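Please treat every number below as a calculation from the coordinates, not as lab data. Everything quoted here is computed from the prediction, not taken from an experiment. Quick reminder, even Gly has a Cβ in these numbers, built from the backbone with ideal geometry, and neighbours come from all protein chains shown.
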């Protein structure tokens, strides 16, 4: 279908984009790749009066180092995230999760920041961002502020972004030398996760020194499986220990029921997939 | 077994398709690519309600919106739109409601058209839909077939007094083709009864339906993304009362159909009426969501089967009781689709007693109709699942059980209990080849080892030894089934003065590769280069007669007509060649494109004769200056492709996830014109059949709203979800047509669904599972394992314990 009529602007700097967003008021939407927004517009589920396309803001693309963190520009495409050498070295989990997003065409158009700001709980990038303690750097007319991932995801498709604020960068602490795995469970290759588990571990010898586990689609927001993390730390990376730790995966979750899975099945999957993700991460 | 083509011989050669470049790049005449001077655009407003009375429609705001030329409602069209045709009254007392293209007083499924806007641009038309206000009074929805046929059920069409459209029965004792099923069951050593659910599917063709109607010529011309331009023209005339000779229908390049475009649609009628009313060309192209919600669906049956057998595995009787969901209306061949299955439940087996009864039921859902296989996949699924269930009951290897009952190679031709005569087949050869390619014995060993080890990933082997009836159809058979048309096909050859050849076919290709295959056949027959043949189709002006493409009929029926026309061309050319070479026609033989005087080196090419005929300066007395010819071919029988498909599935018992590890398809489609096209049909068919087993389902919620209204929810798989297929062929020529060919368009779809489900059940049968409802989603498989394990100690856990597959939630038994 054809979207309802809207105005379109394509600023080339963050400042211009922030100004355009402020000028447009409540009825504006930010276009950050469009892999979710365009279908919504075409189905006329939303009819914003203005689209602010960030596709031409060059400063929002790319990955750089900043001390002990990586800074990922919000408009960095999934394709570029998957190929980026800094992410491969310091935040492998993000590259792994991103490589499971939809299909190749979507990964070329869709963006890292766009996915996070869209806050679809079935999206694959939220759980890694949460597990890795990423920070969201946002800009508005009142200036810049930083929101920890743990406070950024508020509800279904809802973030802590205030009206007029843009997500510009994501700061991810370096997890150099950690091992990671993203275990995605779905029915066809290009589909969203029914459940996904993001795991990163630091292993010395056979002992798990540190662990980060995030769950996709187990609540209205991504869930940090802190119970699993606590149970893993200090353990030998044996199948039994990992399996026992994974039993904690459902703590703090509120899974929904849909056509693919009821809540009980999701809870079961969360445990099985957590065990598999951690096992794979431990190598 | 690929037969190598002889040098210079086209038939048998795996040519790339000549139509592919334009189809794949899209640089062609898809209907939606067309733009005519002054053309207007239409958008449809569809009911969000499944069942409601329309109490008021306010179009005043829409009429004022920019660019809008017309807004119409059902009331505006009530006198002109007629009732959409149903060409297959299966019984004399079949109940069929009026089927308006645009709802007038009442909507009976969500997605039914209630109003249309015509505007200068497609965007303006879409905008104006929001300016239409419809008031509905909700009526109770009717969603469950079994509930719908109870006495006190809410009615879809109250004036019909029932939700039951018709009940069609075949009984072998009454027909004199076999014994009494009840006696067979009564005296059986073993009886197995199962109920299967054929979920509702959506054809999901790649090109959405699109229509352009140009009323500005003497003939009204309709371009439509249809499989059936000829049927459409006739039905427009009969439905709307427009004189048939004043209508021209063109199916330009059409992007797939799978039966989903074997239809006369509300949208075609509405576009026709609006273009006529406005006197300007009008285009309508549906959105994908509209297509999923309102283009006809397929399958949707409840199948109860009872099989009677002796302990040694001999099947003694088969009883089939069906409920088939028609949806809200009877479309073109809706009621006949499950009836086509009646002839296929006995499949490749010698079954001495057979009873089939199908009740067609109305619900407040999208109408169903033909979808790749149409009745035959449903039948094949049920009987092939039953053979596995019976084998388990008897403790026999499922392949041995099949072999014990199938028709032996030397028994052909064989007349079945359901009255068809299978002309040829060799089930032994196809099965032997499949077993070899599959490593059947090796996989059985691995299966046993995994079970013994208690692996979390279990292996299952699924079998499907299928046949199908295709090449629809002998006209007299269709007549005996009360179908509203014949089953012949038309072909013609035009010899151009330069020796080039135009082939006209009444078949209407929509992705099958007719242009290539017909060119190969005609090139061989007339001895002309492949490149010199052009195939014209899909336009009632260039191909004046035709019954179009569906039911794997194009090659076995359509190409026979072309071949027959080519014979006539040669016959017509012969006296002219004799005249040119001053010899007797009796001394001529035709080969390699030339008439040769027997015993001499003197010859004349067909191109020379075509030029001589064009000039017509020196033709024999009484011979017309043309060697063009046409022919109409009515098949004397169906053709019966068959094959053995073997599937190895790994079931992750911890998650329920199914992974197909290997899939072997050995098909016997008779002689092959183009092995590459056959391969493509088999691969595509397999994916579509596997998709039914694992992925696809049209799901409605309790209010009758389609929940799978986008491709995010209606899961059409991609190559990434499929194993690499191993395909091969055996070749038992059909004896009922000159080329020895059978159909291949539906075989893969028909065969693969039961192979996959049988493999899944085989993998987890030891956990107390004897069915998983389709699609076999991970959750359903996992739940089946859970409840199977629970019920392993309880009633129904013993083999053949008879718990219906619908008893437990999630399809587990």
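Go ahead and run the numbers for FRET between residue B:169 and residue A:157, Cβ-Cβ distance against an R0 of 51 Å, rounding to 0.05. E(calc), rounded to 0.05, equals 0.40. Neighbour counts of other Cβ atoms within 10 Å put B:396, B:44, B:707 in the fewest-to-most order B:707, B:396, B:44. The tail of the calculated P(r) for region B:651-772, taken as Cα-Cα distances beyond 22 Å, holds 48 percent of the pairs.
Each of B:483, A:8 was scored by other Cβ atoms within 10 Å of its Cβ. Arranged with the fewest first, they read A:8, B:483.
Using 1/(1 + (r/R0)^6) with R0 = 56 angstrom and r between the beta carbons of residue A:150 and residue B:457, what's the FRET efficiency to the nearest 0.05? Taking R0 as 56 Å, the efficiency between residue A:150 and residue B:457 is 0.95.
Each peptide among B:695-704, B:102-111, B:603-612 gets the average number of other Cβ atoms lying within 10 Å of its residues, and from highest to lowest they stand as B:102-111, B:603-612, B:695-704. Across peptide A:184-192, the average count of Cβ atoms from other chains found within 10 Å of a residue's Cβ is 6. Gain on full extension, evaluated as 0.36 nm per residue between residue B:421 and residue B:589 minus their Cα-Cα distance, stands at 56.9 nm.
Express the C-alpha Rg of region A:179-282 as a ratio against the empirical globular expectation 2.2 N^0.38 Å, rounded to two decimals. Normalised Cα radius of gyration, region A:179-282: 1.02.
Set the Cα radius of gyration of the protein assembly as shown against 2.2 N^0.38 Å, with N its number of residues, and you get 1.01. The mean count of C-beta atoms from other chains within 10 Å of the C-beta of residues in B:657-664, rounded to a whole number, is 1.
Each residue, residue B:702 and residue B:105, gets one label point 7 Å from its Cα in the Cβ direction; the gap between the two is 3.1 nm.
The GNM of chain A, with springs linking C-alpha atoms under 10 angstrom apart, assigns the highest mean-square fluctuation among A:259, A:123, A:62 to A:259. Principal-axis analysis of the Cα atoms of chain A puts helix A:14-24 at an angle of about 70° to the longest axis. So what's the gap between the Cα centers of region A:254-283 and region A:10-52, to the nearest angstrom? Centre-to-centre (Cα) distance: 34 Å.
Could you grab the relative contact order for region A:7-56? Cα pairs under 8 Å, six or more apart, rounded to a whole percent.
So the answer I get is 57 percent.
If you plug the beta carbon distance of residue A:68 and residue B:789 into 1/(1 + (r/R0)^6) with R0 = 51 Å, you get a FRET efficiency near 0.50.
In terms of its Cα atoms, region A:7-56 spans 31, 20, 13 Å along the principal axes, sorted from long to short.
Just checking the listed ones, A:256, A:195, A:106: in the Gaussian network model of chain A with Cα springs under 10 Å, the one fluctuating most is A:256. Considering only alpha-carbon pairs that sit under 8 angstrom and 6 or more positions apart, the relative contact order computed for chain B is 15 percent. The mean number of partner chain beta-carbon atoms within 10 angstrom of a residue's beta-carbon across peptide B:220-229 is 0.
Alpha-carbon geometry of region B:373-530: the Rg and the Dmax are 22.8, 75 Å, given in that order. Computed with the Debye formula from one identical point scatterer per Cα of chain B, without solvent, the log10 of I(q)/I(0) at q = 0.06, 0.07, 0.10, 0.11 Å⁻¹ comes to -0.40, -0.55, -1.07, -1.25. As a rough guide to protection, the peptides B:652-662, B:283-293 ranked by mean Cβ packing within 10 Å, highest first, stand as B:283-293, B:652-662.
Looking only at region B:490-533, which residues have a backbone nitrogen under 14 Å from a spot 7 Å from the Cα of residue B:624 in the C-beta direction? Once the point is set 7 Å along Cα→Cβ of residue B:624, B:493-495 turn out to lie under 14 Å by backbone N, inside region B:490-533.
Computed over region A:58-173, relative contact order equals 28 percent, with contacts defined as Cα pairs under 8 Å that lie 6+ residues apart.
Packing order of peptides B:311-321, B:750-760, A:33-43, highest average first: B:750-760, B:311-321, A:33-43 (average count of other Cβ atoms within 10 Å over each peptide's residues). For chain A, the equivalent ellipsoid derived from the Cα gyration tensor has semi-axes of 33, 21, 15 Å, listed largest first. Note on chain A: with a GNM built from Cα contacts shorter than 10 Å, the maximum mean-square fluctuation among A:214, A:234, A:143 falls on A:143. Put simply, the Cα atoms of region A:58-173 extend 34, 32, 27 Å along their principal axes, the longest span coming first.
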